[in-house]
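> The structure follows.
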Amino acid sequence: MPVKFLHTADWQLGMKALQAGEKAREVRAARFDAVERALRLAVDEAVDFVLVAGDTFEDPDVDDSVIRRAVDLLEQLAPMPVFVLPGNHDPLVPGGVWERASWRQAGDHVTLFRERTEVAAGPHVALYPCPLTQKQSGIDPTAWIPAREAGDQRMRIGVAHGALDILPDRVNFPIDGGRAESSGLDYLALGDWHGLHLAERIAYPGTIEPSAFGERDPGHVLVVEIDGARRAPRVRPLRVAGLRWWEANPKILDPTDVEQLERAIASLGAPEKLVLRLAPRPGDGCPEEAFAALENLRARLADRAFFLDWTEPTAVASGTAALEGLLAAADADLASILDGRIPDGPGREFASLDPEVAREARVLLGRLAKEADA
Amino acid sequence: MIVERITLRSWRTYREPHTFVFDERFTLLVGRNESGKSTIFEALARVLFDRHGSTAKEIRDMQPLGSSLGPEAELVLCAGGARYRVVKRFLYKSKCELFFDRQGRWELDHEGDAADDRLRALFGSEEFRGATRAEHRGLAQALWYLQGEPAIPQAGWHESVERGLGGLVSQVARFPREDPVLARIEKEYADFWTPQGREKEAGAAAALRSEIAHDAERVGELRTRWDTLVGARTGLEEARHREREFEAELLRCDGEIATLLQELDALEAESRAIAEAKQQLSLAQEKRTRLESDLSAVARRDGEARERGSDARTARGECETAESLLRAARADARRHRKSWEDELEPQAVAAGGSIRALEALQRLAGFGEERMGLERRKKSLGKLLQELARVRGELRGLRAPSRSDWKDFEGIRAALLEAEAQLSASGIYVAFDLPGRQAVTSDPPAPPGPDGEHLVTRPTTFRVAGVGEIRVRGGGATLEELDRRVKERRLQVSETLRFYGTPDPDALRELHERRTRMEGDEARLDKERDNNEDTLEDLDGRLTALEDRVRKTRETVEAHEKARAEWATLSAERIESLLAEHQDSRGRLERRVKEERELEAQAQKQASAYSEAAEKSRKAQAEAESGADRLRQENAETLKSYGTLDNLKRLERAARQDETTLTDELARREKDYQARSEGPRKLLEGRRAARKDLERKRDDERTRMTKLETVLDQAAAEGLYSKTGDLEAALEVRRRRLATLERRAAAVKALRNLVEAHRQSRSAALAGPLAERVNPWLAFLTEGTSDGLTLTDGLLPSDVHVPRYDSDLPERSLSYGAREQIVVLLRLGIATLLSESERQAVIIDDRLVNADPLRAQRLAVILREAQARVQVIVATCNETPYAGIPGKVIRVPEDGLRESSAG
């Protein structure tokens, strides 16, 4: 008797999203949208049940309104069973999210894994949940999962939250990479890593919606199908994220580099779904056209992108309006300071100027000269 | 720029067109004060730096007095290698036209505002702000030294002066493209900083910083709350841990209690038997108690019945005694009443009648005297009234002056004497001493006085018979008046005497005194009459009343037998004695009556008390007897179920015995039971107490948990997590913005300071060549007293070097004239520098008047040197010092008119 279920994790509902600045609130709202899409997928895919492998909520102290909305979304799935695992962000602690009156409103189809004990998900499926009761630990939460007994023909699925010990420096809730093998699990549904990771019988769907720059391939849920005990699971990642977070600090030498950057951004999808952090690095002497193209790109992204964190270039265009007299002298002094040299003449007393300020001053001078020319 | 010619029309004193043509090198405008020299320079400035459309007061002031024509000037000048002609008219039909010389022909270059702008640009003045102030004239500020301007510009040279120099001095390059960028840097700088380099209080950075401080404070508050929540969570976890420990303890405790209860259950049969024995004992105790109670009640009631019988007897005895005393008291009362009523009171009444009779006799004796007194007073009063009537009758018949009449008469007499005395003193007395006895008559008559002198009081003519007439004039009005007054008074005196029929004033006085005496008598008699209290009618009424009283008193005497028969004849003393005796007797009797009445009242009061006591004793006797009967009846009822009292006593003894037996049995069994169950029971109690304690502790933990959960729930309910997140995000955004702003502010400040440093460096570079030009002139002018001029960054003189002491003297220490001369040298220096690329015009409007003759000559030498490089135009009213300078001399205004006519 095959089983089909949706494996998701790291919803991180209520996340502060400080990196998104003034869009933080909208970023928070986007996570609910992603959950809604994921749950709709579960219905569309007609799965037998849904597994949420930890970090449903960002923190034990998230607002009641966050919990209520999550419960409302889960209610839409009834009567489809939903199994929820407390993770390290939302561990089972006194007064935590799971003890709130707002969570207790969840229907009977929602099961919160409170104990490390086998839970049946139908006659042929046994779940081995590993709920977390604290934020940090060096103990493998899956260590308790018993080995398959001889003659046990059920499909055995582990549900845990932690870091596979296949990477160095992963000490919080380390999970034995050979757990599926050693405990005779057909599938080990994991949460914690925000990027998609698929191994033979072990998988991380990653966070449902990106939560920071630098996450590798976030924003998926997994539809898992297992035909029977000891059979290889079939895992299909499906993207549900609404926003795409992307950061880059490309070196710009000429306008073609800007075009390349633009193409890269265009390949990410609709601009209004992009959370961007860009710090282009044109070198000194980069042609004026490249600066113009960068400025053009910045203006368009500022208009259209969901969020743009743009670091202004700190180099001066080679084609900047020719500086004369006092201005040329000042510019030369600033260039000397940036090169680490002490300027001659009146600029000598500015030798200790902060290079950041000197760079900004030089860019400013270039800009003002350009404006005056125009 | 140099000026070739200027024509003025309708401009102040120049109503007619005047044309002045200037030499390319040196022109001296000579004229007296108010001749119009300064007007020429004013016209030059206004053509170049005022808009033709201006209607400012200064422009209107240029119109000739009484004229409505627009002031107009035409100017020909050379600038930037070209030759221009400007025609500008203000106010009425204002216009501005700028022509340039194209191969000897004037071609219109600009007109209207465009022409104004072009002209302004020639001197680098950036905007039209009027020609009135020197600093608004661009480069001309340095080249033209006109009337009314300070020696040294107060606000420094206009930027265009420095710029003009910068563009022309070979050592320092000038770059036109700098200016807009520098202006932008200044603008950018002003966004962040004050001119003094302080951050702008109202700047964006300051506002952001304030917002960040506010946000940070709020975040701090929220984080403090989060610390509380973390504490609450830790506390909650600890409490939950302890609660679970207590729960486990409770479970263990419950197990032990269950075991102990099982042990105790095994002793349950014995316990039940003890309970039954207790029940039996209780019944036995109940029975014994009932019998004891009945026995005790019977004995008590019997005793009480006996006591009541005794009480009844005592009350009966008391009643009999009281009744006996009552009777005795009533007899006493009757005796005393009889004594005062039948004996004493009649005697007292009789004594009272005797007293009244005796008193009547006494009064009858007194009535005679009273009647005589009244009759005497009646007679005396009659006489007084008769005398008064007589005096009044006489007074009515007497004609005599009253007191006021006499006073008036005396006044008239005194006035007469006074007038006569005055007349005697003031009059003219004429006496005739004639040899014969010639008749002397006078008109008006002036008869001689006793001494033969005639008193003349008015013009009088005396005729002396045979001798002739003597006319006397004198006196006048006063004498006549005195004479008239004397006559009037005499007439009044004589009329008064005639009225009273008296011959002289003495008789009149006597008559007056007589009247006075009679009025005194009348007054005295009136007073005597008024002093009498009674009138005759009063006295008659009192006599009648006296008679009535006599009659009534007699009736009293007649009514008393003894008085009528015996006492009527007794003497007053005897009557007095008898009266005293009777009054004494009556007093004694009345006291006795009072005593007897009091004794009677006492006896009656006692009788009443005895009566009440007897009644009370009777009532007590009845109550005691009734109570004894009731108690006996109750005892009979109680004993009815026992037969006899002895039976009751026997039953009570038997019940007590049964109870003792049962009590002993129960004690024995309980002791046995206690010995067997005590251990488990104590253990059970201990466990139960321990359980209770555990339950309390667990409940305490639960209460603590509830409180802590409430804290956490409250934070979650109010959205503290999101709120903190929102605030932190906003704070982060602001901090990023502030960092950008601060970096930008620092950058613009650094850029501006760097540019400023270069600018100052360049100013120093400008000052050098300028000083080089000026210093030799200064040494020549001062004959070596000063040989060097130090210039500020703004190219203004600050110090002069004095070689004798090898030190610098501040420019402000110099005399006004010296400062003026130095500034002329400085302007010449600037002009010569500027003229290296294009010849410039230097205008000096009569500013060397403060120079001494020697310095004036030396200045002329310097001007002569300068005119080789610049166009020098000097206005003066004294041409002597400039005699040696080759060039042109224009007489103002006459040469202008001539030139104009010629042109």
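Every read-out reported here was derived from the displayed coordinates using simple, explicitly stated rules and does not represent laboratory data. Worth saying up front: this structure is predicted, and the values here are computed from it rather than measured. Note that we place each Cβ from the backbone using ideal geometry, even for glycine, and neighbour counts take in every protein chain shown.
> Would you mind pulling out the separation of the Cα centroids of region A:187-265 and region A:292-365, in Å?
38 Å
> Next up: Taking amide H positions as placed in the peptide plane 1.01 Å from N, state which residues far from residue A:244 in sequence (5 or more) or on other chains have amide H under 5 Å from it.
A:274, A:275
> In nm, what is the difference between 0.36 nm times the number of residues separating residue B:210 and residue B:417 and their Cα-Cα distance? Before the final figure, lay out each step's value.
Details: separation 207, 0.36 × 207 = 74.52 nm, distance 12.07 nm.
62.4 nm is the gain from fully extending residue B:210 to residue B:417.
> Can I ask one more? Would you order B:212, B:470 from fewest to most other beta-carbon atoms within 10 Å of each residue's own beta-carbon?
Values: B:212 17, B:470 14.
In order of increasing Cβ crowding within 10 Å: B:470, B:212.
> HN-Hα J couplings of region A:248-259 from phi, Karplus 6.51/-1.76/1.60, θ = phi - 60°, integer Hz, Gly and Pro as x?
My calculation for region A:248-259 gives 7, 9, x, 7, 10, 10, 7, x, 5, 5, 5, 4 Hz in order.
> Still on this structure: Helix A:64-75 against the longest principal axis of chain A: what's the angle in degrees, Cα atoms only, rounded to the nearest 10?
50 degrees
> Note down the nm distance, to one decimal, between modelled labels 7 Å out along Cα→Cβ at residue B:384 and at residue B:196.
My value for the distance between the label points is 11.9 nm.
> In whole Hz and in residue order, list the ³J(HN,Hα) couplings for region A:324-337 that follow from phi through the Karplus curve 6.51 cos²θ - 1.76 cosθ + 1.60, θ = phi - 60°; x for Gly and Pro.
After applying 6.51 cos²θ - 1.76 cosθ + 1.60, I find 10, x, 4, 5, 5, 5, 5, 4, 4, 4, 5, 4, 4, 4 Hz.
> Rounded to the nearest 0.05, what FRET efficiency do residue B:293 and residue B:653 give with R0 = 22 Å and r taken as the Cβ-Cβ distance? Could you check?
0.90
> Right, here's the next one. Quick check on region B:589-677: take the gyration tensor over C-alpha atoms, sort the square-rooted eigenvalues as a ≥ b ≥ c, and tell me if it's rounded (a/c under 1.5), prolate or oblate.
Details: a/c = 10.02, a/b = 3.34, b/c = 3.00.
Prolate.
> Going by amide H atoms built from the backbone, whose H comes under 5 Å of the H on residue B:4, apart from near neighbours?
Close amide H contacts, sequence-distant or interchain: B:76, B:77, B:78.
> A follow-up question, please. At a Förster radius of 22 Å, what calculated FRET efficiency corresponds to the Cβ-Cβ distance of residue B:504 and residue B:453, to the nearest 0.05? Write down the numbers at each step before the final one.
Details: r = 27 Å, r/R0 = 1.22.
Working from the Cβ atoms, E equals 0.25.
> Oh, and also: Taking a ≥ b ≥ c as the square roots of the Cα gyration tensor eigenvalues, with a/c under 1.5 meaning rounded and otherwise prolate when a/b beats b/c, else oblate, which class fits the protein assembly as shown? Please report the intermediate quantities before stating the final value.
Details: a/c = 5.32, a/b = 1.15, b/c = 4.61.
It comes out oblate by the Cα gyration axes.
> Below 15 angstrom from the Cβ of residue B:864, what's the summed charge of the other residues (Lys, Arg +1; Asp, Glu -1)?
Working: positive: B:25, B:855, B:858, B:869, B:888; negative: B:23, B:24, B:865, B:879.
Charge balance near residue B:864 sits at +1.
> With a/c under 1.5 counting as rounded, go ahead and sort region B:429-473 into rounded, prolate or oblate using the C-alpha gyration tensor (a ≥ b ≥ c being the square roots of the eigenvalues; past the cut-off, prolate if a/b is larger than b/c, else oblate).
In terms of gyration-tensor shape, oblate.
> Mind jotting down the distance between the C-alpha centroids of region A:51-69 and region A:73-151, whole Å?
After rounding, the separation between the Cα centres reads 14 Å.
> Oh, and also: By counting other Cβ atoms within 10 Å of each Cβ, how are B:378, A:251 ranked from fewest to most? Numbers along the way, then the final one.
Working: B:378 16, A:251 10.
Ascending number of Cβ neighbours within 10 Å: A:251, B:378.
> Given only helices, namely DSSP H runs of n ≥ 4 each adding -39500 (n - 2.57), what is the per-residue ellipticity at 222 nm of chain A, to the nearest 500 deg cm²/dmol? List each step's numbers first, then the result.
Details: 7 runs with 99 residues, N = 374.
After summing the helix terms and dividing by residue count, I get -8500 deg cm²/dmol.
> Given H placed on each backbone N at 1.01 Å, which residues far from residue B:11 in sequence or on other chains put an amide H within less than 5 Å of it?
Counting only residues 5 or more places away or on other chains, the set is B:72.
> Let me ask something additional. So between residue B:566 and residue B:465, what do we pick up on full extension, going 0.36 nm a residue minus the alpha carbon distance? It would help to have the intermediate numbers written out before the result.
Working: separation 101, 0.36 × 101 = 36.36 nm, distance 12.19 nm.
Contour length minus Cα-Cα distance gives 24.2 nm.
> Compute the separation of the alpha-carbon centres of region B:511-583 and region B:596-635 and state it in Å as a whole number.
72 Å
> Where Lys and Arg each count +1 and Asp and Glu each count -1, what net charge lies around residue B:404 among other residues with Cβ under 13 Å from its Cβ?
Details: positive: B:403, B:407, B:515; negative: B:405, B:408, B:410, B:519.
Charge balance in the 13 Å sphere: -1.
> A further question follows. If you keep only loop residues by DSSP, which trypsin sites (Lys or Arg not before Pro) in region B:82-115 have at most 11 other Cβ atoms within 10 Å of their Cβ?
Values: sites: B:83, B:85, B:88, B:89, B:93, B:95, B:102, B:105; in loops: B:93.
When the trypsin sites (Lys or Arg not before Pro) of region B:82-115 are filtered for loop state and at most 11 Cβ neighbours within 10 Å, B:93 remain.
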